[in-house]
Every structure is written in C-alpha cells, then in structure tokens.
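Accompanying notes for the structure given below.
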Amino acid sequence: MTPPCQRSGERRRMVDQQIEARGIRDPFVLAAMRDVPRHLFVPQPYDRDAYADAPLPIGNGQTISQPYIVALMTVLIRPASTDTVLEIGAGSGYQAAILSELVRKVITIERIEEVAALARANLAAVRADNVEIILGDGTLGYPPGAPYNGIIITAATPEIPGPLKEQLAEGGRLVAPVGDRILQELVALERHGVRFTEEHHGGVRFVPLIGRHGWED
Ligand code: SAM
C-alpha cells in the first residue's frame, strides 16, 4: 500500500515497543501496522505525535484510537484474506486502512459528514481501494453488505446493537467497547447460530457511539 515510506523507523519502533511487546503476535497484523503511515491520518499539529502510544484528536470532537488498541481489536476479529469486515466509526480511516491490508473488503460507516470526508481523503491518499465509506448511523449496520465475517465498533456503546449481531456471519466475530460514556470493557462476540459466545479483554476508553441503538446525541 505505502509508497510514502517516511517515518518507517518510528513505525517499526511503535510496533516493537507498543504492540509486539504487549503480546500481539499475529505477523500479518504486525506487518500492516508497520506499513500503514499513521501520520497521514493525524491532522496537524498532532501528526508529529502520530507514533506515540496515545489516541489523538482528528477534529469534530473525535479521535484516532491508540495504536495498540487498533492492533488488539484487529486481532480479536481474526481477519482472513477472504473476509468482508464492517467497521462502525470511520473516524480518520486508520483502522479501515489496517483492515484493508488484511481482508478482501472493508465497509466503514461514519455519522459525521466532515469526518467521513476526512476518512475518504486519507484512505485515497494511501490507495486503500477495497474500503467503502458510508455516511449514516452505524448502529443500524449496513444490510446490503451483510453478512460480515468481522465487525469492529470503534465507539463506546451501552450494549451491542441488535442489527449488528444479526448482520454477523456464522462463526463471525464482533468486537466493541461496551460500558458507559466514560469507561468501557472491550468485548468480543462470536456467532454460533442464534448463540453468541462472549470474551472480555480489559478496560478501554472511547468516544460515544451516537445513534438509534447507541447513546442519544
Ligand atoms: N476508527 C477510527 C479511526 O481509525 O480513526 C476512530 C473512531 S473514533 C474513536 C469514533 C468515531 O465513531 C467518530 O468518528 C464518531 O463520529 C463515530 N461514530 C459515533 N457514533 C456513530 C454511529 N452511530 N455511526 C457511525 N459512526 C459513529
């Protein structure tokens, strides 16, 4: 994907020190995190900190997630090269760009028009051609692309929206920060018919998921 190989040393260090050192071992995910130029997804003046271990502002009160959390959520859906993945909360487009290196097709939904435009520009800049950006309420999912092998919700939700569970493929995995508007726990579901197994992966902090099956605006 990446012709611009600037700051590749910082990316290597980010992966070694913040991601691999914390137990992420999937070689394909690590390679994608080394490849995608995170600094192109972070607006000035914060782009100088693009490889720090932190979320950063992207405008409109929204954030690009911490690199380790992006890697963890990616690993938790167990991406395969034939998969179609749905992301709720395109934000900067960075999580979608990581997924685009690992799966066949990514659909990402963003509710704020300006943010969707930012994601579109960023994803075009890195030529992530297998990502489709939809403007709308992601708590409703996107039935035309369903079923999805993986779903990543990158905003805090009080519970997993029903339409998203319905749009998950058999054996598919969904990961989301579930909790209140301040603190959440990372939850991973796996679908087996009408049953869903559930795993918990520690505390996180995300901006709220606003929509019909999320929080009120
Ligand atoms: N994944 C993003 C990235 O890689 O930069 C970070 C996402 S940011 C933490 C959360 C995003 O979710 C915000 O851009 C916010 O506008 C969006 N959002 C919140 N509620 C939403 C909804 N119902 N549907 C779609 N997007 C939503």
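The values are calculated or read from the model by the stated rules, or taken from the named source; none is laboratory data. Just so it is clear, the structure is predicted and the values come from calculations on it, not from any experiment. Positions of Cβ are backbone-derived with ideal geometry, glycine not excepted, and every protein chain shown enters the neighbour counts. Just so you know, the surface numbers come from the protein's heavy atoms only, side chains and all, with ligands and any DNA or RNA stripped out. Shrake-Rupley method; radii C 1.70, N 1.55, O 1.52, S 1.80 Å.
Cβ-Cβ distance below 6 Å, separation of 6 or more or different chains: which pairs start in segment 79-99 with a residue that is over 20 Å from L164 (Cβ atoms) and near the ligand (Cβ under 6 Å from one of its atoms) and end on one that is assigned to a strand (DSSP E or B) and open to solvent by less than 10 Å² (accessible area, probe 1.4 Å)?
Listed pairs, sorted by first residue: S92/I64; Y94/I64.
Pick from segment 45-65 the residues that are surrounded by 18 or more Cβ atoms within 10 Å (Cβ to Cβ) and in a loop (DSSP other than H, G, I, E, B): which of them is farthest from the ligand (Cβ to nearest atom)?
Y51
Scan segment 16-26 and give yes if some residue there is assigned to a loop (DSSP other than H, G, I, E, B), open to solvent by 50 Å² or more (accessible area, probe 1.4 Å) and within 16 Å of Y94 (Cβ to Cβ), otherwise no.
Within segment 16-26, none of the residues are assigned to a loop (DSSP other than H, G, I, E, B), open to solvent by 50 Å² or more (accessible area, probe 1.4 Å) and within 16 Å of Y94 (Cβ to Cβ).
Looking only at segment 154-165, decide whether some residue is among the charged types (D, E, K, R) and over 27 Å from G23 (Cβ atoms). I'd like the intermediate steps shown before the answer.
Pass one, segment 154-165, residues among the charged types (D, E, K, R): 159, 165.
Narrowing the set further to residues that are over 27 Å from G23 (Cβ atoms) leaves 159, 165.
Checking segment 154-165: at least one residue is among the charged types (D, E, K, R) and over 27 Å from G23 (Cβ atoms).
Would you mind telling me which numbered condition in (1) closer than 21 Å to P55 by Cα; (2) open to solvent by 30 Å² or more (accessible area, probe 1.4 Å); (3) of a type outside the set (D, E) A146 fails?
(1)
Which of the numbered conditions does H192 fail, given that it passes all the others? Conditions: (1) out of contact with any helix residue (DSSP H, G or I) (no Cβ under 8 Å at 6 or more places or on another chain); (2) within 11 Å of the ligand (Cβ to nearest atom).
(2)
Note down all Cβ pairs under 6 Å where the first residue falls in segment 139-164 and is closer than 8 Å to L86 by Cβ, the second is open to solvent by 10 Å² or more (accessible area, probe 1.4 Å) and of a type in the set (V, I, T), and they're at least six residues apart or on different chains.
Cβ pairs passing all conditions: Y142/I134; Y148/T84.
Mind telling me which of the residues I152, I109, I134, I160 ends up being within 14 Å of the ligand (Cβ to nearest atom), open to solvent by 10 Å² or more (accessible area, probe 1.4 Å) and in a strand (DSSP E or B)? Explain how you work it out, then say what you get.
On the way: I152 fails: open to solvent by 10 Å² or more (accessible area, probe 1.4 Å); I109 fails: open to solvent by 10 Å² or more (accessible area, probe 1.4 Å); I160 fails: in a strand (DSSP E or B).
Criteria check complete, one pass: I134.
Scan (1) open to solvent by less than 30 Å² (accessible area, probe 1.4 Å); (2) near the ligand (Cβ under 10 Å from one of its atoms); (3) not in a strand (DSSP E or B) for the single condition L102 breaks and write down its number.
Status for L102: all satisfied but (2).
Can we say I153 is within 20 Å of Q66 (Cβ to Cβ) and either of a type in the set (A, V, I, L, M, F, W, C) or out of contact with any Lys or Arg (no Cβ under 8 Å at 6 or more places or on another chain) (or both)?
Details: within 20 Å of Q66 (Cβ to Cβ): yes; either of a type in the set (A, V, I, L, M, F, W, C) or out of contact with any Lys or Arg (no Cβ under 8 Å at 6 or more places or on another chain) (or both): yes.
The answer is yes for I153.
Identify the single condition in (1) in a loop (DSSP other than H, G, I, E, B); (2) away from the ligand (no atom under 15 Å from the Cβ) that R13 does not satisfy, given that it satisfies every other one.
Here R13 clears every test but (1).
Could you tell me whether L72 is open to solvent by less than 20 Å² (accessible area, probe 1.4 Å) and either under 11 Å from the mean Cα position of the chain (by Cα) or within 26 Å of A21 (Cβ to Cβ) (or both)? Outline the logic, then answer.
Numbers: open to solvent by less than 20 Å² (accessible area, probe 1.4 Å): no; either under 11 Å from the mean Cα position of the chain (by Cα) or within 26 Å of A21 (Cβ to Cβ) (or both): yes.
Taking the combined requirement at face value, the residue does not satisfy it.
Listed residues R212, R195; which is open to solvent by 100 Å² or more (accessible area, probe 1.4 Å), farther than 24 Å from R78 by Cα and among the basic types (K, R)? Reasoning before the result, please.
Details: R195 fails: farther than 24 Å from R78 by Cα.
Every option except R212 fails the conditions.
I'm told L186 meets every condition in (1) more than 16 Å from the ligand (Cβ to nearest atom); (2) touching a His at 6+ places or on another chain (Cβ under 9 Å) except one. Can you identify the failing condition by its number?
(1)
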